[in-house]
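Asker: Submitted below is the structure of interest, expressed as structure tokens.
What follows is calculated from the coordinates using simple rules that are stated; it is not laboratory data. Model, not experiment: these values are computed from the prediction. Reconstructed Cβ throughout: ideal geometry from the backbone, glycine too, with neighbour counts over all protein chains shown.
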Amino acid sequence: MTTQTHAGTWKLGDLTVNRVGFGAMRLTGSAAFDLGASRDRERSVAVLRRAVELGVNHVDTASYYFSRLLSANELINRALSPYPDDLVIATKVWAGRDPSGEWAWAAPGQLRGQVEENLRQLGRDHLDVVNLRIPPSRATGSIAEHFGALAGLREAGLVRHLGLSNATPAHLAEAQEIAPVVCVQNAYTVGAPAGEQEFLRACGEQGIAYVPFFTIAGAGRERGAVAAEPESVRAVARAHGATPAQVRLAWTLRQGPHVLVIPGTGDPGHLAENVAAGALRLTGEDLARLEGGTDVTRRD
């Protein structure tokens, strides 16, 4: 029995994925969105190929994951094309970066261009899942115009399924009035706020996948994991002979069968540890310790 078998599967619409996936953000550099330094191209390609060998069939990416020399989408294309039949690639639009690295947010009419950019880089004729990445400025505003434009691209056959990223329950309710939503992708880890925990449960009740990011990074966020782990996480890791990252992933998977994790790394050793976390079984005592402890992470 593989670690992926232990973790189980979930469906993104009609697409079945293993619950331990892979996030591509860190393939291009040691720090996300850093144009100054790039990872070794062949090592990143090898990590992607090894991920698939370990049973990963859900890869999360975006066209704005790039460094000075590397693009995550193009690395995925080089490493995995022709793509395995069961591989599901999810990407994000609305957010974007120009070649200098400056951020820009697309108007509804520009979303098609962003989708086509992902298609070109990935070498695909359609995208499996596209998440609408909601900007902080729309935390309490309407997303109907943007999500409606994305729903139109789904109707045109460029996109198979739709999701939301950095969303609230109000965003989800508004989107569902326009088109089906198969996943919600939000920041979530040990110590997440009660409101986000409730949102996670509500997604499960509706059959919607909840896909956390920053599960391992915690307070490090785009910078990656930080050294200052709370004692609750370190103690559980010691008890199982595991790493704190594995404990965070195992705890996250315990939050519901609809929860998918997408840890990212450019290190082959860390990749193997992340996938192995799917087989880590936490006890009731472990869960009580983790949920009673204080984490260094809070959602913005």
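Asker: What is the extension gain from Glu291 to Gln197, computed as 0.36 nm multiplied by their sequence separation minus the C-alpha to C-alpha distance, in nm to one decimal?
Answerer: Gain in length upon complete extension: 32.7 nm.
Asker: Quick query: amide H of His161 versus all other amide H atoms, modeled in the peptide plane; which residues come in under 5 Å with a sequence gap of 5 or more or a different chain?
Answerer: Sorted by chain and number, the residues that satisfy this are Val129, Val130.
Asker: OK, next. According to a simple spin-label model (label point 7 Å from Cα along Cα-to-Cβ), what is the distance in nm between Ser137 and Arg281?
Answerer: Spacing of the two 7 Å Cα→Cβ label points: 5.1 nm.
Asker: Could you tell me the relative contact order of the stretch 4-96? Use alpha-carbon pairs under 8 Å, at least six residues apart, and round to a whole percent.
Answerer: This gives 31 percent for the stretch 4-96.
Asker: Full-extension gain between Arg120 and Asp267, please, as 0.36 nm times their residue separation minus the C-alpha to C-alpha distance.
Answerer: Value of the extension gain: 50.3 nm.
Asker: Among Glu145, Glu74, Glu102, what is the fewest-to-most ranking by other Cβ atoms within 10 Å?
Answerer: By the 10 Å Cβ count, ascending, the order reads Glu102, Glu145, Glu74.
Asker: Please tell me the relative contact order of the chain in percent, rounded to the nearest whole number, where contacts are Cα pairs under 8 Å and at least six residues apart.
Answerer: 21
Asker: For a quick check: sort Trp103, Trp94 by the number of other beta carbons within 10 angstrom, fewest at the front.
Answerer: Result, fewest neighbours first: Trp103, Trp94.
Asker: Turning to a different aspect of this structure: Mind sorting Arg281, Arg19 by how few other Cβ atoms lie within 10 Å of their own Cβ, fewest first?
Answerer: By the 10 Å Cβ count, ascending: Arg281, Arg19.
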